[in-house]
Structures are given as structure tokens and as C-alpha cells.
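A.B. asks: This is the structure, below, for whatever I ask next.
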């Protein structure tokens, strides 16, 4: 999709917030905001770190306009922090982690719709949006792993990440998969972190290999680590 069209589309959602005041406030919440929150809010969140600057700015502005109307405690305060306006990926990921904690206050049905939308974006045509979807969905799942209704999502996302980690041609997607898998492993079994530690070692080896041509490949590191485990 054309970047100008994307930025204008996200800006239009923000313009709708002008109707969420005064006597129309309740009707707006029940109709328009519900549709935006359920269907389009996850996409807005993912494009906060779009490759295109104009799209990022449009999404940030729209999010600021909609946040006060969503009635989620602590949500607006996140937008005043430095990481919300930062273009660094690490800052975006920190924002997503904090945002996920706030969104988990919502009903299970709302969170369920967010997960569905994020998982659909695993097939986005833009690698950075695919990586953002992986980050967002894994953060939500790691906070809600005790809810039986989300178990199918957990297994689906975990299996998808394992596949993408080895097959994706995009470094940003592979890195997102490593991070997300570690997060999900810790959430699923907090008393035993050996698996997540192994993922961390593989990820560290992978980063070292990028800078050291003589470094061992991740597959060899994984085999050696597995041989050490009793």
C-alpha cells in the first residue's frame, strides 16, 4: 500500500475522536471506538514503528487522540514517555511491553481480538510490521498465559515462531522470534528457565557471529549445549 495512503488512513481514525466528546461521548464509545479498538487498534500499534516516517507520525498522533477515550488506566501516561516518540526499535519494544500490561486490564474478548489481529499480521508484506506483530502478540501472551482460553493462541504462536526463526530471510524478524520465544518459554514455565537460557545463549552466539566470521554457527552451539545438559 502507498505510504501516503497508509498515513492518511491512520490519521482518519484520529479525526473520528473529535466526535467522542460532549453528548456524543457514550454513543462514540459504544459504536465507533469499539470498532476501532477491536479491529484497527492492533494495526495502529504495529505501525507506530513503521519504516516510513510519515506513517509513524500519523499513528502516534492518532494514538494520542484515541488513548484518553479508551478508558484504560495508565495508558495516556505511556504516551508522555520518551520511548513513545523514539525511532529506535529497542524503545518501541519497551513501549509495547508496557502497553501490553495496560491492555491486559481489558476484557478477555477485547484481548482475544487484539491477538487475532496481531497473529494475522505475521504474514504482513513488511518485515518490520511482521516483527512488531511478533513482539506485540508474545507480550500479550506472556502476561495472560494463565487463561485457558488463550492456550490455542500460545501453541499456535510458539510453533509459528520456531518456523520463522529458522526460515525467515529478514534479520529483524529472526531477532523478534528469538526474543519472543524466550519470553514465552519463561511465561510457560517460570520455575525452569533452562530452555530460555539456551535461547539466550543461541541468540548471543548469533549476534557474535554477525561480527566475527570465525564464530560457531547457532546450530552448532545448540548441539553443544544440548550435549552438556543431563
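Quick grid of which residues meet (1) in contact with a strand residue (DSSP E or B) (Cβ under 8 Å, 6 or more places away or on another chain); (2) modelled with pLDDT of 95 or more; (3) part of a helix (DSSP H, G or I); (4) assigned by TED's automatic domain parsing to the domain that holds residue 105:
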residue: 151; (1), (2), (3), (4): no, no, yes, yes
residue: 158; (1), (2), (3), (4): no, no, yes, yes
residue: 172; (1), (2), (3), (4): no, yes, yes, yes
residue: 201; (1), (2), (3), (4): no, no, yes, no
residue: 206; (1), (2), (3), (4): no, no, yes, no
residue: 210; (1), (2), (3), (4): no, no, yes, no
residue: 213; (1), (2), (3), (4): no, no, no, no
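A.B. asks: Oh, and also: For segment 77-99, which positions are without any contact (Cβ under 8 Å) to a residue 12 or more places away in the chain and exposed (fewer than 15 other Cβ atoms within 10 Å of the Cβ)?
C.D. replies: Applying the first criterion (without any contact (Cβ under 8 Å) to a residue 12 or more places away in the chain) to segment 77-99 yields 77, 80, 82, 86, 88, 90-91, 94.
77, 80, 82, 86, 88, 90, listed by residue number.
A.B. asks: Does residue 113 satisfy the criteria of being part of a helix (DSSP H, G or I), within 26 Å of residue 161 (Cα to Cα), without any contact (Cβ under 8 Å) to a residue 12 or more places away in the chain and in the same structural domain as residue 187 (by TED's automatic domain parsing)?
C.D. replies: Numbers: part of a helix (DSSP H, G or I): yes; within 26 Å of residue 161 (Cα to Cα): yes; without any contact (Cβ under 8 Å) to a residue 12 or more places away in the chain: no; in the same structural domain as residue 187 (by TED's automatic domain parsing): yes.
The answer is no for residue 113.
The values are calculated or read from the model by the stated rules, or taken from the named source; none is laboratory data. This one's a predicted model, so the numbers in the text were calculated from it and none came from an experiment. With ideal geometry, Cβ positions are generated from the backbone for all residues, glycine too; neighbour counts draw on all protein chains shown.
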